[in-house]
Amino acid sequence: MSPTSQRADRSGAAPGSSLSAGRRTRELASAVDGPAADVLVVGLGATGAGAALDAAARGLDVVAVDAHDLAFGTSRWSSKLIHGGLRYLASAQFDVAHESAVERGVLMTRTAPHLVAAQPFVLPLTPLVSRAQASLAWAGFRAGDMLRLAARTPRQVLPAPRRLSATEARHLAPSVRAAGLRGGLLSWDGKVTDDARLVTALARSAAARGARVLTRVRVLELTASGARVRDELTGEEGEIRARAVVNATGVWAGGLVDGIRIRPSRGTHLVLRSERLGALPAGLHIPVPGETNRFVLVLPQGDGRTYVGLTDEPVEGEIPDEPEVPETDIGFLLDVLGSVLDAPVHRDEVDGAFAGLRPLLDTSGQDGSGAAAARTSDISRRHAVLTSAEGAVTVVGGKLTTYRRMAQDAVDAAIAAHRLPAGPSPTAGLPLVGATAPERLRALPAPARLIRRYGTEAPAVHELARRDPALAEPVLPGHPVTRAELLWAALHEGALDPSDLLDRRTRIGVVPEDRAEAIGAARDALERAAAVRH
């Protein structure tokens, strides 16, 4: 582990990593109409924040901007899974599968073991799953374990798949219908505690290495030598100059660089109160009827909620900032979920829903041949790095699991196109803010839930609550997030308004009624943070 992961400043935050309103003001003033940076990164999702960290870790001067907040777009709407690439074997995308398994291992063992851990899944063998389908699934899980081995991820990090008796399957998935159940298949994959927290850790790790990480800065026009920008808080405009530009804006990439064609795919999740499905020691794989390699996932979150997802539907027309969830997606997910449950979940029992847009690269020809476009579920998840004739680098495609490799490839392309003085990427061995060895994490003097979210900074968050009993109170009755966590986010994680706190630094906002109830606590945290800074 690097020294950054071991030390902390007097607040308990990793040195130089704290993002705040004051730091944003200072660094925005130095970036706009100032000397040219080495690299300008546009977009602060996982790939953009990863590119900022990659470039800064190579010693380059970096400015990274986003029109909204950290993880505002697709990166906060994932299934929270760090996939090992199993689904890509079925479509013979062996390179993508191997890359996914390798990057999963990097996250689980070196860069973010506090945020990414093993998640068990049960595939219930109900009467709807034929013996041939079960055999195919079992072969797939065994192949997935071979991917783990090829990626050199230790067995103690990801256990082996195994067959379950009907009794064992019901123990791990008690809400599954017992009638006709003949057993189950147990498999393991990676799961991130919170995808938006991963992005926050990336951004803060970049900031600790000198990157200027600037939210609420909208790019109005992008060129290969910089951007005309607007501060969304003040309305002031100016120019950020850079020797190289990386466009990491995901589904919005085509709006900044000509010639980029994206086919967005909508992935919808339902949010249920966990008591609706009862105790779930494992997640569920539920086969989608009529599909050979597609599942609906039931994902317990550990915060009193369970997610059910996800869909894969093409999106046409203008791309919204926050996608709406159509009733057709909700109905589809409830139907598949109901195929295995003792008691179906009804529409009025769905407490929330969210959708993200996958930035899939459109590789279909525009030759007027009339050939039918591929389903979005059939488009490769392989990422692409495209350099325009002028030298602007755009990275698209891919998935959350492989953000680090996408970022590395994008920075490599920028360095090559503009002959920047930098060596190879060090990020495969670079721990993120909060990361340390698992045995050290277990020894930290803080609750396990905080350690899974903050790693080595968990004792500092816990100390805030210990010193002020009011901060130890939960933001909502029955929800684990405390007021101390909101204050920490305002002081050190770049949260500027209540939505940053409720929708991205925590997951409270995915249930609208919970969000409304928590808004007062969020405002109080921002006021407290302002008082501390002054």
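Summary of values
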read-out: Unique match (being touching a residue at least 40 places away in the same chain (Cβ under 8 Å), more than 20 Å from Gly309 (Cβ to Cβ), not polar (S, T, N, Q) and not in a strand (DSSP E or B)) among Arg142, Arg155, Arg148; value: Arg148
read-out: Of all residues making up the range 56-114, the number that are in contact with a strand residue (DSSP E or B) (Cβ under 7 Å, 6 or more places away or on another chain), in a helix (DSSP H, G or I) and surrounded by fewer than 21 Cβ atoms within 10 Å (Cβ to Cβ); value: 0
read-out: Helices (runs of 4 or more DSSP H) contained in the range 409-523 and holding at least 3 residues among the polar types (S, T, N, Q), in contact with a Ser or Thr (Cβ under 9 Å, 6 or more places away or on another chain) and at pLDDT 95 or above; value: none
read-out: Pairs with Cβ under 6 Å, 6+ apart, first in the range 180-198 and under 15 Å from Ser78 (Cα atoms), second hydroxyl-bearing (Ser, Thr, Tyr); value: Asp195/Ser75; Asp195/Ser78
read-out: Exclusive hit being surrounded by fewer than 19 Cβ atoms within 10 Å (Cβ to Cβ) and either without any contact (Cβ under 8 Å) to a residue 60 or more places away in the chain or small (Gly, Ala, Ser) (or both), set Ser425, Ser388; value: Ser388
read-out: Which listed residue, of Ala67, Ala31, Ala21, Ala57, is touching a Ser or Thr at 6+ places or on another chain (Cβ under 7 Å) and either under 29 Å from Asp503 (Cα atoms) or touching a residue at least 40 places away in the same chain (Cβ under 8 Å) (or both); value: Ala57
read-out: Verdict on Ser187 being in contact with a Phe, Trp or Tyr (Cβ under 7 Å, 6 or more places away or on another chain), at pLDDT 95 or above and either farther than 30 Å from Thr427 by Cβ or not aliphatic (A, V, I, L, M) (or both); value: yes
read-out: Residue in the range 50-64 that is among the charged types (D, E, K, R), more than 16 Å from the chain's Cα centre (by Cα) and farther than 30 Å from Leu158 by Cβ present; value: yes
read-out: Close pairs (7 angstrom Cβ cut-off, 6 or more residues apart or separate chains): assigned by TED's automatic domain parsing to the domain that holds Gly22 in the range 205-223, polar (S, T, N, Q) and part of a loop (DSSP other than H, G, I, E, B) anywhere; value: Ser205/Ser17; Ala207/Ser17; Ala208/Ser17
read-out: Qualifying residue in the range 158-167 (condition: part of a helix (DSSP H, G or I) and outside the structural domain of Glu27 (by TED's automatic domain parsing)); value: yes
read-out: Checking Ala279 against (1) surrounded by 20 or more Cβ atoms within 10 Å (Cβ to Cβ); (2) under 18 Å from Asp342 (Cβ atoms); (3) among the hydrophobic types (A, V, I, L, M, F, W, C), the condition it does not meet; value: (1)
read-out: Residues of the range 231-267 satisfying the condition of being more than 21 Å from Arg212 (Cα to Cα) and surrounded by fewer than 16 Cβ atoms within 10 Å (Cβ to Cβ); value: Gly255, Asp258, Gly259, Arg261
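Table: residues versus (1) polar (S, T, N, Q); (2) within 30 Å of His479 (Cβ to Cβ).
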site	(1), (2)
Ala242	no, no
Thr249	yes, no
Ile330	no, yes
Leu337	no, yes
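The values are calculated or read from the model by the stated rules, or taken from the named source; none is laboratory data. Predicted, not measured: the structure shown is a model, and the values here were computed from it. When we count neighbours, we look across all protein chains shown, and the Cβ atoms used for this are built from the backbone with ideal geometry, even at glycine.
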